[in-house]
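The values are calculated or read from the model by the stated rules, or taken from the named source; none is laboratory data. A quick note: this is a predicted structure, and the numbers were derived from the prediction, not measured. Because the Cβ atoms are built from the backbone with ideal geometry, glycine has one as well, and the counts that use them run over all protein chains shown.
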Amino acid sequence: MNPLLKSHLEEIFNKCLHCGLCLPTCPTYNINLREESSPRGRIQQMHYVQSGKIPLSKTVVDELYFCLDCQACETACPAGVRYGELVEDARNLIHDSKKDPLGIRLIKKLFLNGILISNERTKLFGKFLRFYERSGLRNAIEESGILKLFSNALSEKIQLLPSPNEMCFSESIEEIIPATTNKSRGRVAFLSGCIMNIAFGETHRDSIRVLTLNGYDVVIPKNQVCCGSLHAHNGELEKAKKLAKKNIEIFEKHEFDTLVIDSAGCSAFMKEYGKIFEDEPEYKNRAIALSSKVREITEFLSEVGLKKSPDTLNISVTYHEACHLVHTQKISRQPRELLQNIPGITFVELPESTWCCGSAGIYNIVRYDDSMKILDRKMENIKSTHADIVTTANPGCHIQLQYGIAKNGLKMEVLHPISVLSRAYK
Ligand code: SF4
Ligand code: SF4
């Protein structure tokens, strides 16, 4: 047995019944209909590597990075196979064996460990993006097609860069925002995150507006850092733990009942903090304590109920379910109800709403062609709704859908469900 893989994984492998019920739900299997690109096939490959029957070859590594880690197979599995845990551990093994594909290695070195690992560097990156966009350089480069001289894919990928805000969110807001109601219902903490902090300030403001209008004081601790989810999903568990430790220390300094998060990927991973410190007694209980307070924002509002009723909004809205919300956290009803309860809204169900959009963290950069095949299917479904607004609760999906909408020449707007509710609070 490979010592780098945890022994309890054997238990997970043995749960698989080889029934194949997960195959139709897997976006990569649907691309090529090959068993090795299916959840069942990947489980088999991981099991063989762990038991030493086959080496960790380039082919196996490629299959494990072809996987989106969308966890749709977990939702479909009748035996409760925790596939996500398997693939993330396998990616750690790949990292420790220095067998990551070149593209993954580069993105990890430059972006995950070069930028997101530090608050200051993330803010600098935001400033660079601002300069790139405001100076007109972005338009000039994208319209000139100059990058096509080097690579068509690069010329497309550059358009997936997020649009930065005028100012980094955490620098533009007080640390404590009081409730705007006569009586406070309690105090919640709020995660500003990394990419959301530099490019989704409007979504964060909408979240805080909704929370304060509904009676909550909000504390946004200064110096909090990236949650570490992108690191953990790409074989950099030690870096993810380093970030998690910092967040635990920072959030412990504040008193609050709930940690509210408006990014599906971040809330999913912060709910897992308790698990990643199983072998570190100093942090284990502290991590469990923080994880137990985490709620995704639509989940939180569904639990506590809205005190302020929304006004009428005469628009049609559809909803794309982020994988880390529906498959990882099993949150599906709450965002729909939040939207459906706004008077005047026509809610159009999105066909295949739980099918991945192809964003998957850094997947749309490192596996651009596969990501676009998956996005094309999503866009066909989105087009069929004829909705004014496409909602989604994860920044990666938000960027990917905006890109798909622009690419298809559609006139739809992409918003977080919380932003639609904020608009209904006129
Ligand atoms: S996580 Fe998604 S892409 Fe990977 S095997 Fe499961 S369903 Fe397929
Ligand atoms: S992972 Fe689950 S659904 Fe897929 S083959 Fe195994 S038991 Fe069946």
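Remarks
- No other residue among Leu313, Leu350 is surrounded by 18 or more Cβ atoms within 10 Å (Cβ to Cβ), touching a residue at least 12 places away in the same chain (Cβ under 8 Å), within 18 Å of His398 (Cβ to Cβ) and more than 19 Å from the chain's Cα centre (by Cα) apart from Leu350.
- Flag if Glu174 is of a type in the set (Asp, Glu), surrounded by fewer than 19 Cβ atoms within 10 Å (Cβ to Cβ) and more than 20 Å from the chain's Cα centre (by Cα): yes
- Pair list, Cβ under 6 Å, 6 or more apart: region 44-73 residue of a type in the set (Asp, Glu), other residue within 15 Å of ligand 2 (Cβ to nearest atom) and at pLDDT below 95: Asp69/Val87
- Residue satisfying all of: in region 87-102; of a type outside the set (A, V, I, L, M, F, W, C) and part of a helix (DSSP H, G or I); surrounded by the most Cβ atoms within 10 Å (Cβ to Cβ) among these: Arg91
- Within region 237-266, tally of residues that are touching a helix residue (DSSP H, G or I) at 6+ places or on another chain (Cβ under 8 Å) and within 22 Å of Glu303 (Cβ to Cβ): 12
- Among the conditions (1) part of a helix (DSSP H, G or I); (2) under 21 Å from the mean Cα position of the chain (by Cα), the only one that Arg295 does not satisfy is (1).
- When the residues of region 37-76 are filtered to those that are β-branched (Val, Ile, Thr) and touching a Leu at 6+ places or on another chain (Cβ under 8 Å), the one that is farthest from ligand 1 (Cβ to nearest atom) is Val49.
- Count - residues of region 1-57 that are hydroxyl-bearing (Ser, Thr, Tyr) and modelled with pLDDT under 90: 2
- With respect to the conditions (1) buried (at least 17 other Cβ atoms within 10 Å of the Cβ); (2) more than 30 Å from Glu238 (Cα to Cα); (3) at pLDDT 85 or above, Met167 lacks only one, and its number is (1).
- Meets criteria (within 26 Å of Ala268 (Cα to Cα), within 11 Å of ligand 2 (Cβ to nearest atom) and either aliphatic (A, V, I, L, M) or surrounded by 15 or more Cβ atoms within 10 Å (Cβ to Cβ) (or both)) for Leu9: no
- Picking from residues in region 84-104 that are within 26 Å of Ser38 (Cβ to Cβ) and without any contact (Cβ under 8 Å) to a residue 60 or more places away in the chain, the one that is nearest to ligand 2 (Cβ to nearest atom) is Val87.
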